[in-house]
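S.K.: Submitted below is the structure of interest, expressed as structure tokens.
Read-outs: derived from the displayed coordinates by stated rules, not from any lab. Keep in mind that this is a model prediction, so the values were computed, not measured. Using ideal geometry, Cβ is built from the backbone for each residue, glycine included, and neighbour counts are taken over all protein chains shown.
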Ligand code: B12
């Protein structure tokens, strides 16, 4: 007997046999091109994401694509993980798919030639959840900031070294684990000891809340990546971190 239709063999039974599969149709709304982007992220379709995002970019703005396509897909992945439908492999694939899509959006956005300032970004020591940081990078670059991307799982000393070396307008941090977010406070304390008083904008999940981030000096909580360029612009115009905190966190 020969196999005639491989599609019937390579089936994602984790999705098709469970009701959350139908939720894929629910999230994206009416637009078919965006719907495909959302679906590709949920399914972790690294092979087709380039084509799907490029097709959708013919009609949609890259920032709109990040929020309505890539992030909506990841939101659904989070729900599937939280409900125990997705495990690490599916989530990792979905994350890689999102990052590939983000790269295309970044290329499309381009970045202004004249730099208006510098930002240092990192994901906390011990933490590899860097998707939020990557979005922050894209939006900061698109608004004309030079981004020094320290990557993920960055030791506290390396963050301090980078801040001293690059003298940025803004230091950005992302964390998702209750075990890692505490390093933000350590960084702020080190900055204080060294007499460095720059804006330290933080976002992420779990215990990374406004009340935690505003419990230490320089900390300003960012619920959404789109706030990073706005905060960076304020800092670049000379507004101090206390005033920026009042503006965004009160
Ligand atoms: C994707 C994901 C992963 C991926 C990460 C891939 C990657 N490259 O990032 C993989 C599969 C690798 C992974 C691994 C693990 N994960 Co995980 N993961 C998730 C998941 C599903 C989604 C998180 C996410 O990326 N969201 C999308 C991004 C875009 O959102 P975001 O970072 O929050 O960013 C937004 C805002 O916060 C903001 N923002 C973020 N940063 C900044 C910065 C600034 C300056 C500003 C202004 C804004 C801003 O902007 C963005 C939106 O615009 C969550 C589930 C959940 N409910 O959140 C679990 C979750 C975070 N993971 C969890 C765990 C436990 C793990 C593991 C320890 C599992 C394991 N047993 O190994 C490992 C972590 C290992 C480690 N050392 O870090 C737990 C954490 C529990 C906790 N609070 O401690 C969660 C909550 C799942 C759960 N319910 O148990 N994970």
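S.K.: Just the ratio, please: alpha-carbon radius of gyration of the stretch 117-249 over 2.2 N^0.38 Å, N its number of residues.
M.R.: The value comes to 0.90.
S.K.: When ranked by the protection proxy of mean other Cβ atoms within 10 Å per residue, highest first, what sequence do the peptides 130-140, 154-164, 89-99 form?
M.R.: Numbers: 130-140: 24.5, 154-164: 16.7, 89-99: 18.5.
Top to bottom by mean Cβ count within 10 Å: 130-140, 89-99, 154-164.
S.K.: Continuing with this model, one more query. For the stretch 40-139, count all C-alpha to C-alpha pairs, find those more than 20 Å apart, and express that count as a whole percent of the total.
M.R.: Value for the stretch 40-139: 41 percent of Cα pairs lie more than 20 Å apart.
S.K.: Next up: Helix 156-166: angle to the longest alpha-carbon principal axis of the chain, degrees 0 to 90, nearest 10?
M.R.: 70 degrees
S.K.: Related question: Say we join alpha carbon atoms closer than 10 Å with springs in a Gaussian network model of the chain; which of 233, 125, 83 then has the biggest fluctuation?
M.R.: So, out of 233, 125, 83, the one fluctuating most is 83.
S.K.: Work out the FRET efficiency for residue 185 and residue 96 from their Cβ-Cβ distance, taking R0 = 25 Å, and round it to the nearest 0.05.
M.R.: With R0 = 25 Å, the Cβ-Cβ based efficiency is 0.20.
S.K.: Now, a different point. Given R₀ = 30 Å, what would the calculated FRET efficiency be for residue 114 paired with residue 197, taking r from the Cβ atoms and rounding to 0.05?
M.R.: 0.70
S.K.: Percent of alpha carbon pairs in the chain separated by more than 30 Å?
M.R.: 32 percent
S.K.: Something else about it: Sticking with the crude label model, points 7 Å out along Cα→Cβ, report the distance from residue 75 to residue 50 in nm, one decimal please.
M.R.: Those two pseudo-labels are separated by 2.9 nm.
S.K.: Let me ask something else about it. Along Cα→Cβ, 7 Å out, is where each label goes; now give me the distance between the ones at residue 59 and residue 239 in nm to one decimal.
M.R.: Output for this residue pair reads 3.7 nm.
S.K.: On a full-extension model of 0.36 nm per residue, what is the gain between residue 249 and residue 161, subtracting their alpha-carbon distance, rounded to one decimal in nm?
M.R.: Here the segment from residue 249 to residue 161 would lengthen by 28.9 nm.
S.K.: Something else: Name the most mobile residue of 223, 59, 75, meaning the one with the largest mean-square fluctuation, in a Gaussian network model of the chain with Cα contacts below 10 Å.
M.R.: In the Gaussian network model the winner is 59.
S.K.: Just grab the label-to-label distance for residue 83 and residue 107, each label 7 Å out from Cα along the Cβ direction, in nm (one decimal).
M.R.: Result: 3.4 nm between the two label points.
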